[in-house]
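Trainee: What follows is a structure written as structure tokens; I'll ask about it next.
The values are calculated or read from the model by the stated rules, or taken from the named source; none is laboratory data. These numbers were taken from a predicted model, which means no experiment stands behind them. Cβ: placed from backbone, ideal geometry, glycine included. Neighbour counts: every protein chain shown.
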Amino acid sequence: MNEQVPFAIMSDREKYLFDLQGFIVIQGMLTSDEVKALNEGLDANHDKRLDDGNRGASGAMAGDHPRGLYTGMLTWDKPWCQPFRDLLTHKKIIPYLNTLLGRGWKLDHNPFIYTASKGTEGLNLHGHGMVNLSGSRFYAYQNGRMRCGLINCQYQLADVNPGDGGLCVVPGSHKTNFRIPREIAIGEEDQEIVYHVPMKAGDLVIFSENTTHGTLPWTADNERRSLFYRYTPMYLHYTGGEYETSHPDWVSELTEAQQAVLQPPYVYNRPLVEDDGETVVQPRREGE
Ligand SMILES: O=C(O)CCC(=O)C(=O)O
């Protein structure tokens, strides 16, 4: 049994499921007001849609047109940026990140949204378990702790019903030792091992980047709206591009915890976000 604490923690059930599957779904992570504010922000910025094309979807993953991509939400005009800024260190996500990444983690790169309409192409399955010795994309359990490289937090802003398409995963594949065969990756063989993840608006799925995952073509009449925040341990930067070491002016509008997770990768004397949302600066303790 978990001890009673005044803030949320990752429960024993959730730890078991993540260790077993390489992903977990947290139902009702966001309130309907939070989902509404995020959707209103997206609606008000519809003109910023980009095509996320040429990702090589083949076989059963192919479709008629590319999915939509939005980035830069943290700097959209006010008030539209605010609900996206609030998610950076949402009080409910902190304990999951502390448990899976260790104390001291950071946003890896700009949050982004994938949208899809009926007929939108998918994406071949990728993420290769433990095939390569990689410090950036891994899953390990050691000394009583789970640890990952890049972690995906995908919030749904619209329902994803069974058969709609969108995110699919191969449960347990974060521990596999063999590369996924192409015929499985393109959805043509052995699809009973692939799990489509149905969710309601406001639900969250957390998965390790080394859990084999991909996208099924979108078949529903309603728009897919999936919002990604991707985090890494404090010592790691996964997705390319220059890292800003001096923060732009708008960062001073953020809370201490939000600013802490926009810091570049480093370890020593780093501000750490505790489970209760407080930020502490201290040298890393041995064993963490
Ligand atoms: O559609 C999804 O949820 C998965 C997307 C993905 O794996 C990717 O863009 O690399």
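Trainee: Considering only strands (runs of 3 or more DSSP E) fully contained in the range 118-171, which possess at least 3 residues that are more than 10 Å from the ligand (Cβ to nearest atom) and charged (D, E, K, R)?
Mentor: Hits in the range 118-171: none.
Trainee: Within the range 255-275, is there a residue that is of a type in the set (Asp, Glu), in contact with a strand residue (DSSP E or B) (Cβ under 7 Å, 6 or more places away or on another chain) and either in contact (Cβ under 8 Å) with a residue 12 or more places away in the chain or not in a loop (DSSP other than H, G, I, E, B) (or both)?
Mentor: yes
Trainee: Here is a follow-up. Considering only residues that are farther than 20 Å from Leu272 by Cβ and within 14 Å of the ligand (Cβ to nearest atom), look in the range 221-239 and name the one that is nearest to the chain's Cα centre (by Cα).
Mentor: Phe228
Trainee: A further question follows. When you scan the range 87-101, do you find a residue that is touching a residue at least 60 places away in the same chain (Cβ under 8 Å), aromatic (Phe, Trp, Tyr) and within 16 Å of the ligand (Cβ to nearest atom), even just one?
Mentor: No, the range 87-101 has no match at all.
Trainee: Does the range 192-202 contain any residue that is in a helix (DSSP H, G or I), more than 16 Å from the chain's Cα centre (by Cα) and more than 15 Å from the ligand (Cβ to nearest atom)?
Mentor: yes
Trainee: Also, I was wondering about something else. Please give the number of the condition Gly53 fails out of (1) at positive phi; (2) at pLDDT below 95.
Mentor: So the condition that Gly53 fails would be (1).
Trainee: Would you please name the residue that is nearest to the ligand (Cβ to nearest atom), looking only at residues in the range 26-84 that are within 30 Å of Arg13 (Cα to Cα) and of a type in the set (Asp, Glu)?
Mentor: Glu34
Trainee: Between residues in the range 215-243 that are of a type in the set (Lys, Arg) and residues that are within 12 Å of the ligand (Cβ to nearest atom) and not in a loop (DSSP other than H, G, I, E, B), which pairs lie under 6 Å by C-beta distance while being six or more apart or on different chains?
Mentor: Arg224/Thr115; Arg224/Ala116; Arg224/Gly166; Arg225/Thr115; Arg230/Asn152
Trainee: Could you count how many residues in the range 159-179 are surrounded by fewer than 22 Cβ atoms within 10 Å (Cβ to Cβ) and at negative phi?
Mentor: Residues meeting the conditions: 11.
Trainee: Being within 28 Å of Asn132 (Cβ to Cβ), touching a Leu at 6+ places or on another chain (Cβ under 8 Å) and either assigned to a helix (DSSP H, G or I) or touching a residue at least 60 places away in the same chain (Cβ under 8 Å) (or both): is that true of Thr211 here?
Mentor: No.
Trainee: While we're on this one: Does Thr245 fit the bill of being hydroxyl-bearing (Ser, Thr, Tyr) and more than 16 Å from the ligand (Cβ to nearest atom)?
Mentor: yes
Trainee: Just give me the residues in the range 172-186 being β-branched (Val, Ile, Thr) and within 16 Å of the ligand (Cβ to nearest atom), in sequence order.
Mentor: Passing the criteria: Ile180, Ile184, Ile186.
Trainee: What number goes with the only condition from (1) out of contact with any Pro (no Cβ under 8 Å at 6 or more places or on another chain); (2) farther than 27 Å from Asp275 by Cα that Asp108 does not pass?
Mentor: Going through the list (1) out of contact with any Pro (no Cβ under 8 Å at 6 or more places or on another chain); (2) farther than 27 Å from Asp275 by Cα, Asp108 breaks only (2).
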